[in-house]
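Undergrad: For reference, the structure I am asking about is given below.
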Amino acid sequence: MTNQVSQQEINNAAWAACDTFRGAIDPAQYKDYILVMLFLKYISDQWADHYAGYQKEYGNDEERIRRRLARERFILPYVDMKDEKTGEVLDHFLADFHALFARRKAANLGELINIVLDHIEEANKAKLEGVFRNIDFNSEANLGKTKDRNRRLENLLGDFAKLDLRPSRVAEDVIGDTYIFLIERFASDAGKKAGEFYTPKQVSRLLAQLAAPMPGDRICDPTCGAGGLLIEAATLVEQQGSRDFALFGQEVNGSTWALARMNMFLHGKDAARIEWGDTINSPALVEADRLMRFNVVVANPPVSLDKWGAKEIEEDRHNRFWRGVPPKSKGDYAFITHMIETALPQVGRVAVVVPHGVLFRGGAEGRIRRALIEENLLDAVIGLPGNLFPTTSIPVAILVFDRAREKGGTRDACRDVLFIDASRDYQSGKNQNALLDTHMTKILDTFRARQPVAKYAHLASLQEITGNDFNLNIPRYVDTFEAEEEIDVAAVEQEIERLETELAEVRLRMKQYLKELGV
């Protein structure tokens, strides 16, 4: 019999903590407070568990215990609360969850939580610098006036106090999975705002498998949100029996960037490099003043982003847009171009979610699309069902690019493009549709086999695509028309006559019954 807490128990308890904010605060805001508190409780319980273990080993030798604790993944320092005038120490405590819970009745509870987080960040600069700067537990605008704010924060601490996250009680991957679970639930509540931090898990998993990360790969998501897609890619490498990979990401939203950093730590990906900033206008993943190059680049970028910086990047110092500058009102090809330019020449693989307009719009986008096709970079176009995302009901597509198709690459002889129409395969949901494992398996098997499938997949030659003026609209290549079954008119007429005869007999019997009843 195990004494471990189940994944379901942890999920339920964490989700119940959201009742503190639900209805009073927008889910897109309160997700930050819940996820930060989960992170704080996790590292606090880990620290307490390890402290107890070292205490058994070293007794009351505090110096030896502290030396061992200094080697932990995270350091929890002490806080001295001093009198502003005299400098006298009024309170001295470990910067952890348990100290905050013991002081949950404090009049300045929000300030105390901020102080603890500041101390933890300062003690772990290499890993946590800036992670908590955008999350203010003392915010009147977000959490209400002092009385209401303190009540909410006290309830929040009480909810998380019920969770036992010590290593002896919780399996290694459970906390990371709970973090993902909460992000998924927040996305469901947040509606359109969810697109800022979340890609549905099935889509993330499909993207990662299409990009096929391998041991030794450098993997990047330039619009990483809360980091779920990077975690999926890392999991694929780990399933191959290797932890030899490196994760990189960039996120423009500060609070979402913080969630991604914490997500990496909770999944044991401490070495992941997640940068904060605008990928297009201020790319931060650079080496020696040049863009870093990656084996795998995957992303679900903002859909048709307006005012993405077209004017500013005309003189892009990284020369990413030499094929042309996308229109200022639609940034789709800005992200696609950035991803291709950061994929390793003759090696890198790219998988990106795009709106269908990317496949056929003309003008600057048409010219860029033509250049990518003529360079033999495009490998596959995969149409997905509509309503897969909380942010939009429109169907989307996945573009797969492979730089191994370039001259000198291992696939430079490949000249066709695979089109897959998977738009009809999904599980219908009340608010959102879903891809099932069977749907994803069908897509992946077809992608890997690279063979035509009637009414589902087509291999198009460069000549065929050129003949379509480089329009990639999927129905031009995959004929899904279902001929209606021919109607036997004579048989239908015969059936009508039979039914009319039966109806006449029924009416006659009915008339007789009514006569007998005297009606």
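Undergrad: I'm told E365 meets every condition in (1) farther than 26 Å from H318 by Cβ; (2) crowded, with 17+ Cβ neighbours inside 10 Å; (3) free of Cβ contacts under 8 Å to residues at least 60 places away in the same chain except one. Can you identify the failing condition by its number?
TA: Failing condition for E365: (1).
Undergrad: Now for a different question. Do we find a residue being more than 30 Å from the chain's Cα centre (by Cα) and closer than 15 Å to D379 by Cα anywhere in region 488-496? Explain how you work it out, then say what you get.
TA: Looking only at region 488-496, we keep the residues that are more than 30 Å from the chain's Cα centre (by Cα), and these are 488-496.
Cutting the leftovers down to closer than 15 Å to D379 by Cα gives us none.
No, because not a single residue in region 488-496 is more than 30 Å from the chain's Cα centre (by Cα) and closer than 15 Å to D379 by Cα.
Undergrad: When you go through (1) within 18 Å of R261 (Cβ to Cβ); (2) surrounded by fewer than 18 Cβ atoms within 10 Å (Cβ to Cβ); (3) in contact with a strand residue (DSSP E or B) (Cβ under 6 Å, 6 or more places away or on another chain) one by one for D118, which number turns out not to apply?
TA: That leaves (3) as the condition not met.
Undergrad: Follow-up question, since we're still on this one. Quick check on region 153-171. Is at least one of its residues charged (D, E, K, R), modelled with pLDDT under 85 and not assigned by TED's automatic domain parsing to the domain that holds S255? Walk me through how you get there before you give the answer.
TA: Initial filter on region 153-171 (charged (D, E, K, R)): 154, 159, 162, 164, 166, 169.
If we keep only those that are modelled with pLDDT under 85 too, we end up with 169.
Then keep just the ones that are not assigned by TED's automatic domain parsing to the domain that holds S255; that gives 169.
Yes - at least one qualifying residue is present in region 153-171.
Undergrad: Checking R405 against (1) out of contact with any helix residue (DSSP H, G or I) (no Cβ under 9 Å at 6 or more places or on another chain); (2) touching a residue at least 40 places away in the same chain (Cβ under 8 Å); (3) not acidic (D, E): exactly one of these is not met. Which one?
TA: (2)
Undergrad: Just one of M262, M214 is over 28 Å from I34 (Cα atoms) and either more than 16 Å from the chain's Cα centre (by Cα) or not β-branched (V, I, T) (or both); which is it?
TA: After applying the criteria, what remains is M214.
Undergrad: Give the residue that is surrounded by the fewest Cβ atoms within 10 Å (Cβ to Cβ), with candidates limited to residues of region 434-451 that are touching a helix residue (DSSP H, G or I) at 6+ places or on another chain (Cβ under 9 Å) and in a loop (DSSP other than H, G, I, E, B). Working first, answer last.
TA: The first filter runs over region 434-451 and keeps only residues touching a helix residue (DSSP H, G or I) at 6+ places or on another chain (Cβ under 9 Å), leaving 434-437, 439-440, 443-444, 447.
From the residues that got through so far, the ones that are in a loop (DSSP other than H, G, I, E, B) too are 435-436.
Values: L435: 22, L436: 12.
Of everything passing the filter in region 434-451, L436 is surrounded by the fewest Cβ atoms within 10 Å (Cβ to Cβ).
Undergrad: Any chance you could count how many residues in region 54-77 are closer than 30 Å to F21 by Cβ and either touching a Lys or Arg at 6+ places or on another chain (Cβ under 9 Å) or not in a loop (DSSP other than H, G, I, E, B) (or both)?
TA: Of the residues in that region, 2 qualify.
Undergrad: Of all residues being among the aromatic types (F, W, Y) and assigned to a helix (DSSP H, G or I) in region 3-53, which is farthest from the chain's Cα centre (by Cα)? Just the residue, please.
TA: Y51
Undergrad: What residue, among those in region 72-112 that are within 40 Å of the chain's Cα centre (by Cα) and among the small types (G, A, S), is farthest from K145 (Cα to Cα)?
TA: The extreme case among them is A95.
Undergrad: From the residues in region 32-75 that are out of contact with any helix residue (DSSP H, G or I) (no Cβ under 7 Å at 6 or more places or on another chain) and polar (S, T, N, Q), which one is surrounded by the fewest Cβ atoms within 10 Å (Cβ to Cβ)?
TA: N60
Undergrad: Further question on the same structure: What's the number of the condition E9 fails, among (1) in contact (Cβ under 8 Å) with a residue 40 or more places away in the chain; (2) of a type in the set (D, E, K, R); (3) surrounded by 14 or more Cβ atoms within 10 Å (Cβ to Cβ)?
TA: With (1) in contact (Cβ under 8 Å) with a residue 40 or more places away in the chain; (2) of a type in the set (D, E, K, R); (3) surrounded by 14 or more Cβ atoms within 10 Å (Cβ to Cβ) applied to E9, the lone miss is (1).
Undergrad: Can you say whether L69 is within 39 Å of the chain's Cα centre (by Cα) and at pLDDT below 95, as far as the supplied structure shows? Talk me through it step by step, then tell me what you get.
TA: Details: within 39 Å of the chain's Cα centre (by Cα): yes; at pLDDT below 95: yes.
Considered against the rule, which asks whether it is within 39 Å of the chain's Cα centre (by Cα) and at pLDDT below 95, L69 comes out as yes.
Undergrad: A further question follows. Condition first: buried (at least 21 other Cβ atoms within 10 Å of the Cβ), under 16 Å from the mean Cα position of the chain (by Cα) and not in a helix (DSSP H, G or I). Can you find one or more residues in region 228-245 that meet it?
TA: Just the residues of region 228-245 that are buried (at least 21 other Cβ atoms within 10 Å of the Cβ), to begin with: 228-234, 237, 245.
Applying the additional criterion that residues be under 16 Å from the mean Cα position of the chain (by Cα) yields 228-234.
Among the residues that remain, those that are also not in a helix (DSSP H, G or I) are: none.
No, region 228-245 has no match at all.
Undergrad: So which helices (runs of 4 or more DSSP H) stay within region 313-395 end to end and still have 2 or more residues that are within 29 Å of M214 (Cβ to Cβ) and in contact with an Asp or Glu (Cβ under 9 Å, 6 or more places away or on another chain)? Spell out the reasoning first.
TA: On the way: elements: 332-341, 357-360, 363-374.
Hits in region 313-395: 332-341.
Undergrad: OK, next. Can you report the number of residues in region 300-331 which are within 30 Å of E232 (Cβ to Cβ) and of a type in the set (A, V, I, L, M, F, W, C)?
TA: 5
Undergrad: Can you name every residue in region 460-469 that is in contact with a Phe, Trp or Tyr (Cβ under 9 Å, 6 or more places away or on another chain) and either on the phi > 0 side of the Ramachandran plot or surrounded by fewer than 16 Cβ atoms within 10 Å (Cβ to Cβ) (or both)? It would help to see each step written out before you state the result.
TA: First, pick out the residues of region 460-469 that are in contact with a Phe, Trp or Tyr (Cβ under 9 Å, 6 or more places away or on another chain): 460, 464-465, 468.
Within region 460-469, E464, N468 qualify.
Undergrad: List pairs: first residue in region 410-423 and over 28 Å from P385 (Cβ atoms), second residue hydroxyl-bearing (S, T, Y) anywhere in the structure, Cβ distance under 7 angstrom, at least six positions apart or on different chains.
TA: Every condition considered, the pairs that remain are R415/S461.
Undergrad: Name the residues in region 26-57 that are over 19 Å from N114 (Cα atoms) and aliphatic (A, V, I, L, M), would you?
TA: Selection gives A28, A48, A52.
Undergrad: So, restricting to helices (runs of 4 or more DSSP H) that lie completely within region 83-149, which ones have at least 2 residues that are assigned by TED's automatic domain parsing to the domain that holds M37, under 22 Å from C18 (Cα atoms) and in contact (Cβ under 8 Å) with a residue 12 or more places away in the chain? I'd like the intermediate steps shown before the answer.
TA: Details: elements: 97-102, 109-123, 125-128, 140-143.
Result: 97-102, 109-123, 140-143.
Undergrad: Condition check: touching a residue at least 40 places away in the same chain (Cβ under 8 Å) and part of a helix (DSSP H, G or I). Does A208 satisfy that?
TA: yes
Undergrad: Out of W308, W257, I need the residue that is hydrophobic (A, V, I, L, M, F, W, C), buried (at least 19 other Cβ atoms within 10 Å of the Cβ), at pLDDT below 95 and in a loop (DSSP other than H, G, I, E, B). Which one?
TA: On the way: W257 fails: in a loop (DSSP other than H, G, I, E, B).
Selected residue: W308, the only one of W308, W257 that is hydrophobic (A, V, I, L, M, F, W, C), buried (at least 19 other Cβ atoms within 10 Å of the Cβ), at pLDDT below 95 and in a loop (DSSP other than H, G, I, E, B).
The values are calculated or read from the model by the stated rules, or taken from the named source; none is laboratory data. Please read these numbers as outputs of a predicted model, since none were measured by experiment. Glycine also receives a Cβ, built like all others from the backbone with ideal geometry; neighbour counts cover every protein chain displayed.
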